[in-house]
1. Just the residues that are in a helix (DSSP H, G or I) and crowded, with 18+ Cβ neighbours inside 10 Å, please, taken from segment 25-49.
2. Which of the residues belonging to segment 61-89 are modelled with pLDDT under 90 and open to solvent by 90 Å² or more (accessible area, probe 1.4 Å)?
3. All but one of (1) in contact with a Leu (Cβ under 6 Å, 6 or more places away or on another chain); (2) assigned to a helix (DSSP H, G or I); (3) at pLDDT 90 or above hold for Gly52; state the number of the condition that does not hold.
4. Suppose we filter segment 33-50 for residues that are without any contact (Cβ under 8 Å) to a residue 40 or more places away in the chain, in contact with a helix residue (DSSP H, G or I) (Cβ under 8 Å, 6 or more places away or on another chain) and under 19 Å from Asn86 (Cβ atoms); how many remain?
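The values are calculated or read from the model by the stated rules, or taken from the named source; none is laboratory data. Since the model is a prediction, treat every value here as computed from it, not as a measurement. Note: ideal-geometry Cβ built from the backbone for every residue, glycine included; neighbour counts use all protein chains shown. All accessible areas refer to the heavy atoms of the entire protein, side chains included, with ligands and DNA or RNA removed. Shrake-Rupley method; radii C 1.70, N 1.55, O 1.52, S 1.80 Å.
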Amino acid sequence: MDNPFHYLLVDRMNDLKYVLLTEVYNRLEADLLESFLEANEIDAELFQESVGQHIYPVTVDGLGRVQVFVPREMLKEAKILLDQFNAQE
């Protein structure tokens with residue numbers, strides 16, 4: 001892209017301390033993954049649209065999607081642990 005805004009955005013994204021590890025479509029799975037990562041000394045932060053968190057979670061059009069973020073410097077280790085987590089399912 002030749003848009004200067006794009007380059008500014010990419011530069012700002014590189015400054016972020018947390019990066020997206022994965023997205024899941026189930027809050028319980030996200031909570032389990034967060035616990036698994038933290039048990040292996042990797043901090044994890046979850047982000048989900050508020051409508052997907054109600055007593056009757058919504059999963060239509062990605063509203064139930066939960067994004068899992070980890071510290072940028074721990075991304076490589078987190079990907080290895082994610083593979084282990086997914087192998088256990």
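1. Those that are in a helix (DSSP H, G or I) and crowded, with 18+ Cβ neighbours inside 10 Å: Ala30, Leu33, Glu34, Leu37.
2. Answer for segment 61-89, where residues must be modelled with pLDDT under 90 and open to solvent by 90 Å² or more (accessible area, probe 1.4 Å): Asp61, Gln88, Glu89.
3. The failed condition is (3).
4. 3
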